[in-house]
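A.B. asks: Pasting a structure below so you can have a look.
The values are calculated or read from the model by the stated rules, or taken from the named source; none is laboratory data. This is a predicted model, so every value here is computed, not measured. With ideal geometry, Cβ positions are generated from the backbone for all residues, glycine too; neighbour counts draw on all protein chains shown. When the accessible area is computed, the model is the full protein with side chains, heavy atoms only, and any ligands, DNA or RNA have been set aside. Shrake-Rupley method; radii C 1.70, N 1.55, O 1.52, S 1.80 Å.
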Amino acid sequence: MPWLMPVLEQFGQALDQGRLPHASLVTGERGVGKRHLAECIAALLVCDRRTPGMRSPCGECRQCLLVAGESHPDIRVYQPEKSRMIRIDQVRALSQFAVASPQVAGIKVAIVDRADQLNINAANALLKTLEEPASDVVLLLLQETGRPVLPTIRSRCRVLPLATPRAEEATGWLAAELASREQAPDTDRQALALHLAGGAPRLALELLDSDFLTRRDAALEAFRQFMKGAITVAAAARTFRDLGLEATLNLMEAWANDLARVMAGGDARDPGIVEVVRYLATSNPPWRAHQLVDAIRDSRRALVNNVSPELETDRLLVQWRGLMPVRKRSAG
Ligand SMILES: [Zn+2]
């Protein structure tokens, strides 16, 4: 993942110069490789044979073998579990880990995968660890773009923004990852996955490895039928339920953005939605597309509270349908 190199280099230089930040906040789009980067940094930090200028671990020492076996006791990952949030007891475990002596390495690394998913108690508990740093612990906090992290946490971290790779770089990486597969998806499918992943290559790979694209195809077909008035909102919403609300919102936001693009004289990026958005663009003023994007963002904000996914999906579908000319709607 060549696009991680600038950030790894930045971190490596700080390490070489003895200016290693106690806590770093790696920010970037979902699926861009934040976790992978954090794991690379952690592996480099614990390696016994690390020398200045080294940007990847030796791969041979005892520490590196433990890392390879995913059993290094001085590297811990804290991430949301079923609740989708990191809970206070997880942060308490982190705090204990931070003050305990390293077991086999000279340093401990705690990765908080989704510092934007800490509930308020957990965030306050983490703040204590950030305020009174032990000298032999490095914290790597990961933040997904667009998801807020408490300013008090952010201000105690060195922020390392991880940029989404350029399209050619992402396409090339994805193709190379898939090249060894027996039944690699074709380039159209790869391009679609990258598009749906917002250009984030690891997420695109994840989508291709799951049945996401199949479920997305079913939702798209139901959406088309619903817009024509051929099926009910309940029937359409059912196919979206299989995708989950987060993926539903991502899809709808991408479609709404496509609509805005077409209204502005550009092209839709999702080939599956071209026909629908072209039709809608002929009969709606541009502000309707932006209104739709706003509604989808409202739903996304509501996601952290326990909203009913069915109701949110219904609401958005009805709003989309409102863009159809009235004559067409009654004819359906
Ligand atoms: Zn090593």
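A.B. asks: Mind checking the angle between helix 212-228 and the chain's longest principal axis? C-alpha axes, 0 to 90 degrees, to the nearest 10.
C.D. replies: The two axes meet at around 30 degrees.
A.B. asks: Hand me the trypsin sites (Lys or Arg not before Pro) from region 120-210 located in a DSSP loop with no more than 15 other Cβ atoms within 10 Å, in residue order please.
C.D. replies: Those satisfying the criteria are R166, R181.
A.B. asks: Sort 244-252, 84-92, 30-38 by packing, meaning the average of other beta carbons within 10 Å per residue, with the highest value first.
C.D. replies: 30-38, 244-252, 84-92
A.B. asks: Once label points are set 7 Å from the Cα along Cα→Cβ at both M5 and S101, what is their separation, rounded to one decimal in nm?
C.D. replies: Taking the two extended label points, one gets 4.1 nm.
A.B. asks: If you take every residue apart from A23 with its C-beta less than 9 Å away from the C-beta of A23, what net charge results, scoring Lys and Arg +1 and Asp and Glu -1?
C.D. replies: The answer is +2.
A.B. asks: Within the accessible area of the chain, what % is carbon and sulfur when the probe is 1.4 Å and the other protein chains stay in place?
C.D. replies: 51
A.B. asks: Nearest 500 deg cm²/dmol is fine: what mean residue ellipticity at 222 nm does the chain get from its DSSP H runs of n ≥ 4 alone, each adding -39,500 (n - 2.57), divided by its residue count?
C.D. replies: Mean residue ellipticity at 222 nm (helix-derived): -17000 deg cm²/dmol.
A.B. asks: Pull up the cross-link candidates among the aspartates and glutamates for K34, meaning alpha carbon to alpha carbon under 15 Å and not fewer than 8 places away within one chain.
C.D. replies: Filter leaves E9, D113, D116, E144, E206.
A.B. asks: Now for a different question. Using DSSP to call loops (not H, G, I, E or B), can you name the GluC sites (Glu not before Pro) in region 1-91 whose Cβ has at most 10 other Cβ atoms within 10 angstrom?
C.D. replies: Filter output for region 1-91: E70, E81.
A.B. asks: Something else now. Magnitude of the Cβ-charge dipole of the chain, K/R +1 and D/E -1, about the Cα centre, nearest 20 debye?
C.D. replies: 940
A.B. asks: Something else now. Give the residue list of GluC sites (Glu not before Pro) in region 162-227 that are DSSP loop and have at most 12 other beta-carbon atoms within 10 angstrom.
C.D. replies: Here the sparse-neighbourhood loop sites are E182.
A.B. asks: Further question: Determine the per residue accessible area of region 238-332 with all protein chains present and a 1.4 angstrom probe, expressed in square angstrom.
C.D. replies: Counting only protein heavy atoms, the per-residue value for region 238-332 is 52 Å².
A.B. asks: Something else: Which whole-Hz couplings ³J(HN,Hα) result when phi for each residue of region 294-305 is put into the Karplus expression 6.51 cos²θ - 1.76 cosθ + 1.60, θ = phi - 60°, listed in order with x for Gly and Pro?
C.D. replies: Karplus values, whole Hz, x for Gly and Pro: 4, 4, 5, 5, 4, 4, 5, 5, 5, 4, 5, 7.
A.B. asks: Treating the beta-carbon of each Lys and Arg as +1 and of each Asp and Glu as -1, no other charges, what is the dipole magnitude of region 277-329 about its Cα centre, to the nearest 20 debye?
C.D. replies: Rounded to the nearest 20 debye, it is 340 debye.
A.B. asks: Which far-off residues, 5 or more places away or on another chain, put their amide H under 5 Å from the one on V159, with H placed in the peptide plane?
C.D. replies: Hits under the 5 Å cutoff: L25.
A.B. asks: On a 0 to 90 degree scale, rounded to 10, what angle separates helix 309-321 from the longest Cα axis of the chain?
C.D. replies: Its long axis makes an angle of about 40 degrees.
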